[in-house]
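Take a look at the structure below.
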Amino acid sequence: MHPQLTRFSGSSLRLLLSVIYLLLTLFLAGCGFLDSSSSTHNTTLTTADQTATASDTSTPTAAPTQGGTTPTATATPTPVPFKVTGGEFGAWPGDHQGVCRTNTFFTASVLIYAPAHHTGGTVTYTWLRSDTSTITPSTVTFAAGTTSRMVTFLWSLSANQGNGSAYWVALKTLSPEVLITPQITYHHTCQRQVQSISVTVSPTLDCTSGTKTFKFSAAVNVSPGPSNVMLTSTWKRSDGTSGTTTTGIVPQSTTTVTLSDNWSLTAPITKGTYWEELSVIAPNSVTSNQTTFDITSC
């Protein structure tokens, strides 16, 4: 008699398979064949592989922070050769218009530019001038990465040069490149003026009898300048009268002029203190000190 095969319904078969699957899963877990950390391990390997690749391409990678976030890496700039890329310039002070001085100083400044991330170098330069003077070349050194250095030039102009002419300088770099800035222009215009007056008298003491003459002398100091100047002056006295009035030309080469005046008093002379002063009207208004003499009893 053949054994009889037991048939299972569809629902019974599904239930049996479920039980078998559950038992098999529990068996394998108990034997250690299932590892719940496998997914994390794969992620770590992937990150390590990416870090290695970045290192190979010389791109720095920052370490993860405590929260697990990796900051963005900053690439190291590639050094570039040193060269001059340009410049800016200016002058101080502005154009001079006013009283002539012995010397007027004009300063030109140029800011020399170099590219960022350069390796460092030295610029050799000279200055060009409108009077064609030859200036000895100088150098300025740039440390690696320094993008600008300033150089200056001081030009002392004399009063004789203050005739309104335009004076200019320009910077010329000789190495590593040859570059020339535009002309930096300075206008120098000045006028000669009386700077001071000093008056003396002789004698300084006399008596009331007879006729007395007192001689006054004034040293008038005039600023140097590019041309002749017209000088007008008058003597003024303590009694309200005026002495000599003069107008004359002060040559361009002259800076001190001597003017004189005589004051005569006739007896009877009143005792007291008398004075004279020199008043300049042109080219500017200046009044001297009052120089005195005394009349006493004889």
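The values are calculated or read from the model by the stated rules, or taken from the named source; none is laboratory data. Owing to the predicted nature of the structure, the values given are computational and were not obtained by experimental measurement. Here Cβ is always computed from backbone atoms with ideal geometry, including for glycine, and neighbour counts include all displayed protein chains.
What to note about this one:
- Of the residues 136, 152, 132, the single one that is more than 13 Å from residue 82 (Cα to Cα), in contact (Cβ under 8 Å) with a residue 24 or more places away in the chain and surrounded by fewer than 13 Cβ atoms within 10 Å (Cβ to Cβ) is 152.
- Residue satisfying all of: in segment 172-194; farther than 30 Å from residue 280 by Cβ and touching a Gly at 6+ places or on another chain (Cβ under 7 Å); surrounded by the fewest Cβ atoms within 10 Å (Cβ to Cβ) among these: 176
- Check on residue 124, assigned to a strand (DSSP E or B), closer than 30 Å to residue 78 by Cβ and touching a Pro at 6+ places or on another chain (Cβ under 6 Å): yes
- Enumeration of residues in segment 84-138 that are out of contact with any Lys or Arg (no Cβ under 8 Å at 6 or more places or on another chain), farther than 30 Å from residue 254 by Cβ and hydrophobic (A, V, I, L, M, F, W, C): 84, 89, 91, 92, 108, 110, 116
- Taking segment 274-290 as the range and being buried (at least 20 other Cβ atoms within 10 Å of the Cβ) and either small (Gly, Ala, Ser) or farther than 26 Å from residue 206 by Cβ (or both) as the test, the residues that pass are 280, 288.
- Residue within segment 257-273 that is under 26 Å from residue 158 (Cβ atoms), at pLDDT 95 or above and in a loop (DSSP other than H, G, I, E, B) present: no
- Annotation: residue 110 fulfils all but one of (1) under 30 Å from residue 161 (Cβ atoms); (2) surrounded by 13 or more Cβ atoms within 10 Å (Cβ to Cβ); (3) without any contact (Cβ under 8 Å) to a residue 60 or more places away in the chain; the unmet one is (3).
- Which listed residue, of 141, 146, is within 18 Å of residue 177 (Cβ to Cβ), under 20 Å from the mean Cα position of the chain (by Cα) and in a loop (DSSP other than H, G, I, E, B): 146
- Enumeration of residues in segment 284-298 that are within 42 Å of the chain's Cα centre (by Cα) and small (Gly, Ala, Ser): 285, 288
- Against the numbered list (1) in a strand (DSSP E or B); (2) over 30 Å from residue 161 (Cβ atoms); (3) out of contact with any Leu (no Cβ under 6 Å at 6 or more places or on another chain), residue 249 comes up short only at (2).
- Exactly one residue out of 82, 105 is in contact (Cβ under 8 Å) with a residue 12 or more places away in the chain and under 21 Å from the mean Cα position of the chain (by Cα), and it is 105.
- Just one of the numbered conditions (1) under 30 Å from residue 107 (Cα atoms); (2) outside any strand (DSSP E or B); (3) modelled with pLDDT under 95 is not true of residue 188: (2).
- Of all residues in segment 165-179, none are in contact with a strand residue (DSSP E or B) (Cβ under 6 Å, 6 or more places away or on another chain), under 19 Å from residue 253 (Cα atoms) and either not in a strand (DSSP E or B) or not small (Gly, Ala, Ser) (or both).
- Exactly one residue out of 218, 159 is buried (at least 19 other Cβ atoms within 10 Å of the Cβ), under 30 Å from residue 291 (Cβ atoms) and modelled with pLDDT under 95, and it is 159.
- Some residue of segment 198-215 being surrounded by fewer than 18 Cβ atoms within 10 Å (Cβ to Cβ), in the same structural domain as residue 286 (by TED's automatic domain parsing) and closer than 30 Å to residue 95 by Cα: no
- Every pair of residues 6+ apart whose Cβ atoms lie under 6 Å, when the first sits in segment 166-180 and is in contact (Cβ under 8 Å) with a residue 60 or more places away in the chain while the second is among the polar types (S, T, N, Q) and not in a strand (DSSP E or B): 167/130; 171/181
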